[in-house]
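As structure tokens, the structure follows; a few thoughts come after it.
The values are calculated or read from the model by the stated rules, or taken from the named source; none is laboratory data. Since this is a predicted model, take the numbers as computed values, not measurements. Cβ coordinates were reconstructed from backbone atoms using ideal geometry, including for glycine residues, and neighbour counts include every protein chain displayed. Note: areas computed on protein heavy atoms with side chains; ligands, DNA, RNA excluded. Shrake-Rupley method; radii C 1.70, N 1.55, O 1.52, S 1.80 Å.
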Amino acid sequence: MTRRAAGGGRRHASVWLLAVVLTATPVAAEVIRIDITSRAPFGEDVDSKIGPYERIRGVVVYALDPSDEANAQIVDLELAATDGQGRVQFYGDIEIIAPLDRAQAQSTVLYVVNNRGRRTWGAESFFLSRGYVTVSSGWIAQVPVSDDRLRLEAPVALEPGDGIPVVGVVRAELSTDVATDRLPVSNQQAFEPLRGNLDEATLTQRLREADAPEPIAREQWRLGVRYDRQDAGSGLVELEMTLSGGFQLGMIYELIYEARGSVVQGTGFAAMRDLVSFLKHDTSERNPLRDGDGIPLAARVVGQGLSQSGRALRMFVYQGFNSDEQGRQVFDGVMPTIAGAGQGFFNHRFASPTRAATQHGGHLYPADLFPFTYGDETDPFTGRTDSLLTRARASGTVPKVMHLDTSSEYWHRAGSLVVTDPLGERDTVLPPGVRVYVFGGAQHSPATGPSDRGQQPPNPNDYRPLQEALFAAMDEWVTDGTEPPPSVHPRVSDGTLLPWVADAVGWTALPGVTYPTVIQQPEFLNYGEAFDRYRRIDQHPPVRTGKRYGVRVPALDPDNNERGVLRLPRVGVPVATYTGWNLRNPRIGAPTELLDLSGSRIPFPATVEERTRTQDPRPAVTERYDGFADYKARYLTAGAQLVADRYLLLEHLPGLEAIADDQRSLFGDQ
């Protein structure tokens, strides 16, 4: 599938029009201007001395010079349309949450890399009561055009000479846990298929990731395209598949088709870089974050990303974007959170940044690629030595790093590769400016209610207080050099990071609980000859080599709770086993596979009678504690110790106490 598109001008007319319209604006910097579209009161219910906040929404217009070495990492930038000055112009959304009285604002600004268009942090009372400013901006072209999401209107890669949008083969995985005969091809927007070549598209199915794919006859399925909002969307479309007889629950479907209109998605990294640099250094009225004297408020900026956006932050630093076009440092500190060891499909031809790799699906996307950690390691399959900080070291722009994971990332996102060599045989050596914290007994995102999608109840362990305390430590670290608390993560050397199989890790069998026989273990894949140099995938699906990087998980104590990790009181003084894994309920298919990014809460027997009846090997709650008062006292002592060690703040203790109070019923009338 290498034919060139015969048309497509109508779909991308808006991109060319943008380039023409914006040429009238003088190009004086990478951020040409910020157009404020709304201001609204924000956080009025937060009681603090800071005063009212406002939320500012707007649009940022950017310009990039394709010949500038700082932009050399942006895939296909040279194929985008340019203005009269030879620059590529594009735009994206911005949101700022700031004190109305700028004199009350902190000089450390939080930049949140939004997750698929949604800001995931920075508006909590922790931030608003202290005067922190939070900034987030659009960096993903696949985000649907919507007033409540932050998106990037990225330029489109055009064939040299004829200006026709680039054509190429793309691959998409689909799966469902709900009976249906219709599924979106992408979890957000998709690349438009070439209608004339749809007969050559293929669809396969397999129940488990490692199974051989089975072809599905072409006449059994069809694709439908919806064209909305022609004036925006970077030429992307809503693409839906219909399958005769319906999709099987838990099945992995793989669609390969020829598409047109690859967006220059790497401009998303440049947009983050240039916006943050602009806010730090621009003293003109164009900068909305200045004090009364016109000095930028952002003396320091900490970048934070959650899950997908945490992976983006890791790749941002790895590809050298923490140095702006003038060679200045962009982020003073970065906090990739629940990102595991991955990067992502963020800066490639036909990039799909909303995709991820987990144990059950998504393995073949380029999300888990070497290097995995922050110190130098050597890839056993290529012999290449590298680290996530190599380019930042070369440019003198290394940020302080706090890498935050839950134990769920060790199961679903190969998180152990952050702290080991690529084969998982020994501990890596982390640089002095890097901290790694692993929140034990927690799942990717804390469960907020019951769910029957897994074989066990979901894990509600809320680690967000740890995040807030560590952000406070990060602020001190980048502001005056105060060292944060020591890293807490499992280690090979002390026996707290072990092979993941049940016998090796110390799992004690429990009634009604099946221990996993699978884990996310990244494979070294062959994406074609052009991948390493040009980040272009020529092989769909990629060739599987069978070579896998080594992963481990935290060791377990006799209660099956994890060791070598940061334990919140509900794990350190437990009434249940808290895991980072959960198996899929047979009702939703593929019951031997992990339920994506989920963990479990497996309650202890409440009484000796219950323990005897169920044959549970774990001591009952009433055997562990001398009544509720004893339990609560131990629980609060554990919380106070975390405060003393700077992993929690004093303000977090009332919330933790409320969690303890919720367990009173386990102790009867005691």
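The figures follow:
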| quantity | calculated |
| --- | --- |
| Top-ranked residue of the range 205-238 - restricted to ones that are open to solvent by less than 20 Å² (accessible area, probe 1.4 Å) and at pLDDT 95 or above, ranked as nearest to the chain's Cα centre (by Cα) | R206 |
| The lone exception for G320 - which of (1) in contact with a Pro (Cβ under 8 Å, 6 or more places away or on another chain); (2) open to solvent by less than 40 Å² (accessible area, probe 1.4 Å); (3) not in a strand (DSSP E or B) it fails | (1) |
| Residues that are hydroxyl-bearing (S, T, Y), assigned to a loop (DSSP other than H, G, I, E, B) and open to solvent by less than 60 Å² (accessible area, probe 1.4 Å), drawn from the range 504-553 | T508, Y515, Y527, Y549 |
| Scan of the range 388-405 for residues that are open to solvent by less than 10 Å² (accessible area, probe 1.4 Å), outside any helix (DSSP H, G or I) and touching a Ser or Thr at 6+ places or on another chain (Cβ under 9 Å), ordered by number | L388, T397, M402, H403, L404, D405 |
| Output for the range 406-446, where each listed residue is out of contact with any Ser or Thr (no Cβ under 8 Å at 6 or more places or on another chain), open to solvent by less than 30 Å² (accessible area, probe 1.4 Å), farther than 15 Å from T337 by Cβ and in contact (Cβ under 8 Å) with a residue 40 or more places away in the chain | W411, A414, S416 |
| Check on A312, buried (at least 24 other Cβ atoms within 10 Å of the Cβ), in contact (Cβ under 8 Å) with a residue 12 or more places away in the chain and of a type in the set (G, A, S) | yes |
| Options Q106, Q73: the member that is under 26 Å from D475 (Cβ atoms), open to solvent by 30 Å² or more (accessible area, probe 1.4 Å), modelled with pLDDT of 95 or more and not in a strand (DSSP E or B) | Q106 |
| Residue count, the range 634-669 (criterion: open to solvent by 40 Å² or more (accessible area, probe 1.4 Å), among the hydroxyl-bearing types (S, T, Y) and within 18 Å of N561 (Cα to Cα)) | 0 |
| Residue within the range 334-342 that is surrounded by fewer than 23 Cβ atoms within 10 Å (Cβ to Cβ) and touching a Lys or Arg at 6+ places or on another chain (Cβ under 8 Å) present | no |
| Criterion violated by L595 - all others in (1) free of Cβ contacts under 8 Å to residues at least 12 places away in the same chain; (2) crowded, with 21+ Cβ neighbours inside 10 Å satisfied | (1) |
| Of the criteria (1) under 17 Å from F350 (Cα atoms); (2) modelled with pLDDT under 95, which one V145 fails | (1) |
| Number of positions in the range 623-633 that are open to solvent by 50 Å² or more (accessible area, probe 1.4 Å) and within 17 Å of T577 (Cα to Cα) | 1 |
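Listed here are the residues, each with its yes/no results for (1) part of a loop (DSSP other than H, G, I, E, B); (2) more than 19 Å from the chain's Cα centre (by Cα).
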position: G86; (1), (2): yes, yes
position: Q89; (1), (2): no, yes
position: G92; (1), (2): no, yes
position: L110; (1), (2): no, no
